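A.B. asks: Once you've had a glance at the structure underneath, I'll fire off some questions.
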Amino acid sequence: MADDAGTVRVDVWIWSVRLTKTRSMAASACRAGHVRVNGERVKPAHPLRQGDQVRVRHAGRERVVVVSRVIRKRVGAPVAVECYADHSPPPPPREAVAPAGRRDRGAGRPTKRDRREMERLRGLDGGSRRGTP
């Protein structure tokens, strides 16, 4: 299960330690440039060694981990946590995230005014208005 002296593909390791849900998601993240090893963007087949720093942007959050053990097979969550040292910034508190506008059940369809208020609360621009490009 462990091969501490060798290397492993970065997409396989990310999937093995449960940073992504599937291996194809890990490979896609690598191809999209969301994975960095020691500060450099890498392809899915990049060899990963013990002591490398891996940065993964996934699900709106950046994870920064240092490889402490190289594994090739997916393992349970308690074992996976032992394979890396997590240096990620803490996630934002749940109170800091503004709640999306919720309507009471049965209140019907929102009016144009209600829709614009909900968009303003979410921080979205309501689109262009008459007279502006």
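A.B. asks: Conditions: (1) open to solvent by less than 90 Å² (accessible area, probe 1.4 Å); (2) touching a helix residue (DSSP H, G or I) at 6+ places or on another chain (Cβ under 8 Å); (3) basic (Lys, Arg). Arg55 meets all but one. Number of the miss?
C.D. replies: Checking Arg55 against (1) open to solvent by less than 90 Å² (accessible area, probe 1.4 Å); (2) touching a helix residue (DSSP H, G or I) at 6+ places or on another chain (Cβ under 8 Å); (3) basic (Lys, Arg), the one that fails is (2).
A.B. asks: Another question about this same structure. Considering the range 53-71 alone, what residues qualify as being under 18 Å from Cys83 (Cα atoms), not aliphatic (A, V, I, L, M) and not in a strand (DSSP E or B)?
C.D. replies: Ser68, Arg69
A.B. asks: Which one of the conditions (1) open to solvent by 80 Å² or more (accessible area, probe 1.4 Å); (2) closer than 30 Å to Arg122 by Cβ; (3) touching a helix residue (DSSP H, G or I) at 6+ places or on another chain (Cβ under 6 Å) does Val35 fail to meet, given that it meets all the rest?
C.D. replies: Of everything listed in (1) open to solvent by 80 Å² or more (accessible area, probe 1.4 Å); (2) closer than 30 Å to Arg122 by Cβ; (3) touching a helix residue (DSSP H, G or I) at 6+ places or on another chain (Cβ under 6 Å), Val35 misses just condition (1).
A.B. asks: Which members of the range 1-52 meet the condition of being hydroxyl-bearing (Ser, Thr, Tyr) and either part of a helix (DSSP H, G or I) or under 18 Å from Arg69 (Cα atoms) (or both)?
C.D. replies: Answer for the range 1-52, where residues must be hydroxyl-bearing (Ser, Thr, Tyr) and either part of a helix (DSSP H, G or I) or under 18 Å from Arg69 (Cα atoms) (or both): Thr7, Ser16, Thr20, Ser24, Ser28.
A.B. asks: So, one more: Determine which member of the set Val81, Val75 is open to solvent by 50 Å² or more (accessible area, probe 1.4 Å) and at pLDDT below 95.
C.D. replies: Working: Val75 fails: open to solvent by 50 Å² or more (accessible area, probe 1.4 Å).
Just one listed residue meets the conditions, Val81.
A.B. asks: Which of the residues spanning the range 5-31 are open to solvent by 60 Å² or more (accessible area, probe 1.4 Å) and either farther than 15 Å from Lys73 by Cα or among the polar types (S, T, N, Q) (or both)? Break it down into steps so the answer makes sense when it comes.
C.D. replies: First, the residues of the range 5-31 that are open to solvent by 60 Å² or more (accessible area, probe 1.4 Å): 5, 9, 15, 18, 21, 23-25, 31.
Correct list: Ala5, Ser24, Met25, Arg31.
A.B. asks: Find all pairs meeting these conditions: Cβ atoms under 7 angstrom apart; at least six residues apart or on different chains; first residue within the range 26-46 and among the β-branched types (Val, Ile, Thr); second residue part of a loop (DSSP other than H, G, I, E, B).
C.D. replies: Val35/Val42; Val37/His46; Val37/Asp52
A.B. asks: Can you go through Arg116, Arg49 and tell me which one is closer than 30 Å to Val10 by Cα, at pLDDT 85 or above and open to solvent by 60 Å² or more (accessible area, probe 1.4 Å)? Steps first, answer last, please.
C.D. replies: Details: Arg116 fails: closer than 30 Å to Val10 by Cα.
One residue alone meets the criteria, Arg49.
A.B. asks: Out of curiosity, is Pro44 loosely packed, with under 11 Cβ neighbours inside 10 Å and either of a type outside the set (A, V, I, L, M, F, W, C) or at pLDDT 95 or above (or both)? Let's see the steps before the verdict.
C.D. replies: Working: loosely packed, with under 11 Cβ neighbours inside 10 Å: no; either of a type outside the set (A, V, I, L, M, F, W, C) or at pLDDT 95 or above (or both): yes.
Considered against the rule, which asks whether it is loosely packed, with under 11 Cβ neighbours inside 10 Å and either of a type outside the set (A, V, I, L, M, F, W, C) or at pLDDT 95 or above (or both), Pro44 comes out as no.
A.B. asks: If I go through the range 90-113 residue by residue, how many of them are in a helix (DSSP H, G or I) and modelled with pLDDT of 75 or more? Talk me through it step by step, then tell me what you get.
C.D. replies: Step one: list which residues in the range 90-113 are in a helix (DSSP H, G or I), which gives 94-96, 112-113.
Okay, now just the ones that are also modelled with pLDDT of 75 or more, so 112-113.
Adding up the residues that qualify gives 2.
A.B. asks: OK, next. Could you list, in sequence order, the residues of the range 57-79 that are within 17 Å of the chain's Cα centre (by Cα), in contact (Cβ under 8 Å) with a residue 24 or more places away in the chain and under 21 Å from Gly6 (Cβ atoms)?
C.D. replies: Within the range 57-79, just Val65 meets the criteria.
The values are calculated or read from the model by the stated rules, or taken from the named source; none is laboratory data. The shown structure was predicted, so the numbers you read here are calculated from the model rather than taken from an experiment. Quick reminder, even Gly has a Cβ in these numbers, built from the backbone with ideal geometry, and neighbours come from all protein chains shown. Protein only, heavy atoms only, side chains kept; ligands, DNA and RNA dropped before computing areas. Shrake-Rupley method; radii C 1.70, N 1.55, O 1.52, S 1.80 Å.
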